[in-house]
1. I need the helices (runs of 4 or more DSSP H) fully contained in region B:1-116, keeping only those with at least 1 residues that are out of contact with any Pro (no Cβ under 7 Å at 6 or more places or on another chain) and within 22 Å of residue B:167 (Cα to Cα).
2. Does region A:87-122 hold any residues that are within 9 Å of chain B (Cβ to nearest Cβ) and outside any helix (DSSP H, G or I), and which are they?
3. Does residue A:67 fit the bill of being within 20 Å of the chain's Cα centre (by Cα), in contact (Cβ under 8 Å) with a residue 60 or more places away in the chain, within 30 Å of residue A:211 (Cβ to Cβ) and in the same structural domain as residue A:145 (by TED's automatic domain parsing)?
4. Residue B:91 passes all but one of (1) touching a helix residue (DSSP H, G or I) at 6+ places or on another chain (Cβ under 6 Å); (2) open to solvent by 10 Å² or more (accessible area, probe 1.4 Å); which number fails?
5. Please give the number of the condition residue A:226 fails out of (1) among the aromatic types (Phe, Trp, Tyr); (2) open to solvent by 40 Å² or more (accessible area, probe 1.4 Å); (3) under 15 Å from residue A:181 (Cβ atoms).
6. Scan A:133, A:148, A:165, A:196 and give me the residue that is outside any helix (DSSP H, G or I), more than 14 Å from chain B (Cβ to nearest Cβ) and either over 30 Å from residue A:39 (Cβ atoms) or out of contact with any Gly (no Cβ under 8 Å at 6 or more places or on another chain) (or both).
7. For region A:222-249, give me the residue count where each residue is in contact (Cβ under 8 Å) with a residue 40 or more places away in the chain and assigned to a helix (DSSP H, G or I).
8. Take residue A:268 and decide whether it is at pLDDT below 95 and crowded, with 23+ Cβ neighbours inside 10 Å.
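The values are calculated or read from the model by the stated rules, or taken from the named source; none is laboratory data. Model, not experiment: these values are computed from the prediction. Don't worry about glycine lacking a Cβ; one is built from the backbone with ideal geometry, like all the others, and counts go over all protein chains shown. With ligands, DNA and RNA removed, areas are computed over all heavy atoms of the protein, side chains included. Shrake-Rupley method; radii C 1.70, N 1.55, O 1.52, S 1.80 Å.
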Amino acid sequence: MSLMNANPLAAAIAGEFGMPIVLRQGTLHFVSGYKLQTLWGFREAAIFTLEGVGATTLAGCLLLGWATGVALGVALIAVAVLLLLSHLGHPAKALLALRNVGRSWISNGTAVIGATTLLGALYVALHGLAGLPAGGGWSQAFAWLLVPAALFILVYPGLVLSASPAIPFWSSGLLPVLSLALGLSSGLCTLLALLPPLGVAGAPVEGLGRWALLSLGALAVCLAVYVAVMLQSVAAAYESAWRLLRREALLFWGGGCGLGLALPALLLALTLGGQGPAAPLLALGAAAKLSGDVALRYAIIKVGLFDPVF
Amino acid sequence: MSRYAMVIDLARCNGCNACVVACKVEHNSPNGIVLTAILEAERGQYPQANRIFFPVLCNHCERPPCVPVCPSKATTVRDDGIVLVDWVKCIGCGACAQACPYDQRFYVKDNRVGFPGAGEGFTKPGTFKPPRGVVVKCDFCFHRVDEGLQPACVTVCPTDARIFGDRDEPQSRINQLIARNNAWSLLPDKGTRPCVYYVG
């Protein structure tokens, strides 16, 4: 397909290999044409979701002056880091990932996520052990550092995936934006579900609810734009988008759109309209949103196709 | 300074797989992983049917996309253009495998080899069995090249379909082949500038 030549044999090979076929060498099979990536999958999707929810919870609670929520955010990010270690071939060498800061997004992410976890833990320790009041001047200093870091963590999954030029469906500047919308909406839904049971005094549930609805709307727009752009893009990206809509319909439509968008939006609207008991509806909405988030991220990772070599 | 490259003459390749076997032996590559492969397909219909053989390997790109994505700087490019993975530094994140447009990086989930003692007594110095959890790829047999030898796949090719040499030597055979035969490379639109060329 992409062979650039005037050579008749090369052109014949390009024609021959242009259709996806399986080439066999003994028991080994090589697929010409489109080839699915199989290295990353559900675990990476779950890690990305946890990072997004953790970062939003951390930043949101820091701005609200709710130390328990900050601790929860840090804990979620820490769990994501632990899962991230299990994804590596050599977890013991994880710190080597800091060697290429500035060039590799994984290196940049390792540095920022590591620093955020440590700073967040320090905030919690200062509040819990030293008794410094949440929301004070020192808290603002932490917010100046941690809120931008949380924003980076939100876009980070998109940056890691978009750094793969071999997979056109991922290699898009829209993916970090989609990742931001996904993480933000999931985090806000989770935060809303946590506020009532923990009895946070003066929690702006209504205001947060509106922000959560807004983030769900933004996510819907980002997702629609992303898929539409991919359907107009190069062949491999089109094929991935087609697989996302058809072959992975359960994950995309059922999980990503149904559980991750429509149901949380409906439950939020009902809650904000005073149509039912707030706490159970918000909890159900958050659970649906989280599972939908994982499903959508998993679907996007799963349909990643390499550009055909021939 | 040398700049190594390989030309593969498709008209000469008869799909004997000697290069694949030599590579596997030389690199002691784990079961299920071949660092160079011969893709084959049937073309046409009887009585004009024939088979096409297409050797593939790491392209040792001049602008390798696998290098910047590596968080631990385990993937490096030598001055002579050979792209290598340092297994000591590789953390096994798989980012390079996702970035390679040629799908020529292989994650070692299981490093068992075909038979006990495989790989012992071959040319490459030291332990050569790749550990689990790292990424492996063709290294142009740099250990042989450093000793003035040709890569194993080139040495064993009975039809002389693989030609290895220095692109920086204007009179080298490889340069003449590239210039005279309208050589082409895979996925030129990716901007990676591969150093494996095809002619024939």
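1. On the way: elements: B:18-27, B:66-69, B:95-99.
The qualifying helices (runs of 4 or more DSSP H) are B:66-69.
2. Within region A:87-122, A:88, A:89, A:90, A:99, A:100, A:101, A:103, A:104 qualify.
3. It is false that residue A:67 is within 20 Å of the chain's Cα centre (by Cα), in contact (Cβ under 8 Å) with a residue 60 or more places away in the chain, within 30 Å of residue A:211 (Cβ to Cβ) and in the same structural domain as residue A:145 (by TED's automatic domain parsing).
4. Unmet condition: (2).
5. (2)
6. A:133
7. 14
8. Answer is yes for this residue.
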